[in-house]
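Heads up: the structure comes next, in structure tokens.
The values are calculated or read from the model by the stated rules, or taken from the named source; none is laboratory data. All of these numbers come straight from a predicted model, not from anything done at the bench. Counting neighbours? That spans all protein chains shown, and the Cβs are built from the backbone with ideal geometry, glycine included.
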Amino acid sequence: DAGVIQSPRHEVTEMGQEVTLRCKPISGHDYLFWYRQTMMRGLELLIYFNNNVPIDDSGMPEDRFSAKMPNASFSTLKIQPSEPRDSAVYFCASRGSYDGTEAFFGQGTRLTVV
Amino acid sequence: GDSVTQMEGPVTLSEEACLTINCTYTATGYPSLFWYVQYPGEGLQLLLKATKADDKGSNKGFEATYRKETTSFHLEKGSVQVSDSAVYFCALQTGANNLFFGTGTRLTVIP
């Protein structure tokens, strides 16, 4: 398996534009997590899914952020409209369902909003 | 709620020095504990884990023991190398299947 695949690796956009980040989890994993990493706040959990269903979205900063998982092999995180304070590295991770199994991370999307 | 408290960094060591990065946790139930490592420009990857009390996780010369009595999972290595320079994250997984991370500790090893 190629691991968790995120795209794009880098995104530069202007304030007010819509941004869509994409993630393909490892096949067979039924948990998918979206994290945001910044120097100020470290690694924050935004939302996670189990079997394509959102379980906890309490970390989503505000209504400008939305996430979907239309099927087991694809998820998106959308920011509309984007703001400079959204600049961060966004990670997607997936894991299997057994207790104690580790999460596997993608390489991240570095988002810069100017 | 469930949480992880990790030693603040950054930590700078000379090659072959001993490393300890402290991690304590608060959790209901019986969590699984992890150390992840993040090399520059990459995502996090698992370094080691322990799923029950008194378990010792080990990998690449790093070790950590799940201590229920002190609610700790400290990361140790007897002799660090320049290639160990990275950010290290302690993490906790609860029965609700959420995964909580500490703030990360940046380690720099100088030759």
Failed item in (1) β-branched (Val, Ile, Thr); (2) more than 14 Å from chain B (Cβ to nearest Cβ); (3) farther than 10 Å from A:TRP34 by Cα; (4) out of contact with any His (no Cβ under 9 Å at 6 or more places or on another chain), with A:THR76 passing the rest: (3)
In the range B:65-77, residue nearest to the chain's Cα centre (by Cα) [restricted to those that are farther than 15 Å from B:VAL11 by Cα and not charged (D, E, K, R)]: B:PHE73
Selected residue [farther than 23 Å from B:PHE34 by Cα, away from chain B (no Cβ under 14 Å) and in a helix (DSSP H, G or I)] from A:ARG85, A:ARG22: A:ARG85
When residues of the range B:85-111 are limited to those that are within 14 Å of chain A (Cβ to nearest Cβ) and exposed (fewer than 15 other Cβ atoms within 10 Å of the Cβ), the one modelled with the lowest pLDDT: B:ALA96
Test: residue in the range A:53-68 that is part of a loop (DSSP other than H, G, I, E, B), more than 18 Å from B:LEU99 (Cβ to Cβ), more than 15 Å from the chain's Cα centre (by Cα) and modelled with pLDDT of 95 or more: no
Of all residues making up the range A:72-114, the number that are surrounded by fewer than 22 Cβ atoms within 10 Å (Cβ to Cβ), free of Cβ contacts under 8 Å to residues at least 60 places away in the same chain and under 14 Å from A:PRO25 (Cα atoms): 5
Residue count, the range A:88-111 (criterion: at the interface with chain B (Cβ under 10 Å from one of its Cβ atoms), in a strand (DSSP E or B) and within 15 Å of A:GLN37 (Cβ to Cβ)): 6
So B:GLY41, is it surrounded by 13 or more Cβ atoms within 10 Å (Cβ to Cβ) and either in a loop (DSSP other than H, G, I, E, B) or within 14 Å of chain A (Cβ to nearest Cβ) (or both): no
Count - residues of the range B:72-84 that are surrounded by fewer than 17 Cβ atoms within 10 Å (Cβ to Cβ) and either part of a loop (DSSP other than H, G, I, E, B) or touching a helix residue (DSSP H, G or I) at 6+ places or on another chain (Cβ under 7 Å) (or both): 3
